[in-house]
Amino acid sequence: MLPQLPPCRALLATALGLAGRHRLLPCHHAPLLARLRCSAGGEVRAAGGGDAGGVLRHLMLKLRATGPVTVAEYMREALTNPGQLIGIWYISEWMAMGKQNAFQLVELGPGTGTLTSDILRVFNQLASVLSKCDVSIHLVEVSPKLSAIQAEMLTGGKVQSNPENNSAYMKGISKTGIPIYWYRDIQDVPQGYSFYLAHEFLDALPIHKFQRTEKGWHEVLVDIDPEVPDQLRFVLSPSRTPATENFIQPEETRDHVEVCPEAGILIQRLACRIEKNGGAALIADYGHDGTKTDTFRGFRNHKHHDVLKAPGTADLTADVDFSYLRKMAEGRTATLGPIRQREFLKNMGIDLRLQVLLQNSRDSATREQLLHSFDMLMNPKKMGDCFHFFALLPHHRVVRPAEKDNPQSKSPLPPVAGFGELSLNVHHHSRG
């Protein structure tokens with residue numbers, strides 16, 4: 001008898017149209033996959049790798065230059081965006097938490113809306129699973145230009161502005177019939193049972209940098225370089241700054257630390273909402289678990305760029321310190337991860353998805369491109385090891401409340417999709 005598929009893989013099989021088949025599709029490309037996994041090199045931020053908006057931008061440029069593309073080519077491009085698997089994560093968690101009759105999907109900084117579009121496609125593919133659930137989409141976006149692009153992609157431009165006194169500044173209906181609302185701030189999003197997504201959102205928020213010296217901690221500041229015209233330089237604050245007092249933990253062992261207060265505040269707000277209303281948050285970003293020091297980087301046209309040169313012309317990012325986010329949750333929720341992207345996507349069934357796409361591909365060029373895209377996401381030297389997933393969940397989702405004389409308390413809780421092998425990394429300390 002064949003083993004039963006885990007819930008997230010069963011959902012993926014349904015979404016891919018494999019439900020009811022008696023066996024998984026054979027993968028005839030295992031040697032190629034093994035070879036690709038071992039291949040080295042590649043810029044961490046290589047074009048098209050993980051940038052949800054980049055996939056669409058790349059496709060639009062291609063379409064304008066060459067005209068329509070085949071479905072196979074579209075599938076090849078779309079594989080580099082793991083939105084389908086993220087959509088399945090939310091449905092899997094909604095099911096594990098008891099299938100509430102309504103939920104809000106809240107995305108922070110949705111870019112061009114590609115990820116939301118992918119998730120909506122999954123929700124549509126699994127409409128029978130969600131048939132008794134009232135789903136709505138809530139996008140937190142401050143840029144009028146990006147919100148217009150999102151509206152076009154998700155609704156075909158059929159949106160209406162809300163009056164100023166309404167918390168949502170715009171609303172519309174998705175092409176699949178789901179209501180969508182736009183807000184300028186997370187606090188404007190209505191309270192309620194919600195699933196939150198922050199995908200490559202936190203790494204662009206402003207950081208404070210600190211350096212340990214013989215005289216204690218000093219903040220790293222930006223100043224004019226007196227020796228070079230029109231050039232900036234890093235300097236140390238002459239004395240302790242308010243940020244030094246507030247953001248350096250007494251137990252800190254590193255000599256250089258980056259802290260993102262805005263990310264901390266956001267995690268506090270999400271944790272409060274999940275503690276009060278239920279749901280979960282999935283954070284996906286470049287980051288580390290309190291081990292790295294100087295990660296402040298500039299990128300221009302997907303190449304490294306000096307952070308102090310030509311300000312305003314490059315994307316400035318810093319890796320997310322997940323250990324800081326865990327502290328900021330303050331025990332209001334349990335936290336899972338961070339887990340490397342290659343582990344999360346493997347647990348979510350990306351291998352099954354790849355098999356289906358490969359089997360549906362008719363030409364070798366498409367198959368090679370699919371394997372290249374898979375390699376970009378999974379290769380440890382590319383995005384596989386540097387991009388991480390981190391979740392906030394209600395305590396009862398990962399630790400059953402201790403109740404005497406309750407025989408059910410011994411029955412295992414369903415594993416959290418994607419984090420299945422990380423059950424020992426659950427953090428559920430109480431507040432002091």
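Straight-line cross-link partners of Lys327 among the lysines, defined as a Cα under 21 Å from its Cα and at least 8 positions apart when in the same chain: Lys209, Lys276, Lys292.
Against the empirical curve 2.2 N^0.38 Å, the C-alpha radius of gyration of the range 338-386 lands at a ratio of 1.19. Extension gain, Asn124 to Lys99, is 7.3 nm, computed as 0.36 nm per intervening residue step minus the present C-alpha separation. A cut-off of 5 Å between modelled amide H atoms, ignoring neighbours fewer than 5 places along the same chain, links His199 with Leu108, Ala284. On the basis of the beta-carbon distance and an R0 of 41 Å, Lys158 and Arg240 show a calculated FRET efficiency of 0.15.
I'd like the distance between the alpha-carbon centres of the range 140-177 and the range 180-252, rounded to an integer number of Å. Answer, in whole Å: 30.
Sequence-ordered 3J(HN,Hα) estimates for the range 267-282 from the Karplus curve with 6.51, -1.76 and 1.60 and θ = phi - 60° stand at 5, 4, 5, 5, 4, 4, 5, 5, 4, 7, 10, x, x, 6, 10, 10 Hz, glycine and proline given as x. Work the Kirkwood hydrodynamic radius out for the range 110-207: mean of 1/r over every pair of different alpha-carbon atoms, inverted, in Å. For the range 110-207, inverting the mean 1/r across all distinct Cα pairs yields 14.2 Å. Loop-located chymotrypsin sites (Phe, Trp or Tyr not before Pro) in the range 153-207 (DSSP state not H, G, I, E or B) with no more than 11 neighbouring Cβ atoms inside 10 Å do not occur. With θ taken as phi - 60° and the Karplus curve 6.51 cos²θ - 1.76 cosθ + 1.60 applied, the whole-hertz 3J(HN,Hα) list for the range 384-396 is x, 9, 8, 9, 10, 10, 9, 10, 10, 9, x, 4, 5 Hz, x standing for glycine and proline.
Listed cross-link partners Lys132/Lys158; Lys145/Lys309; Lys303/Lys381 are compared with a 20 Å cut-off, the Cα-Cα value being larger for Lys132/Lys158; Lys145/Lys309.
Read-outs: derived from the displayed coordinates by stated rules, not from any lab. Bear in mind that the values here come from a model prediction, so they are computed numbers and not experimental data. Cβ sites come from the backbone with ideal geometry, for glycine too, and all protein chains shown count toward neighbours.
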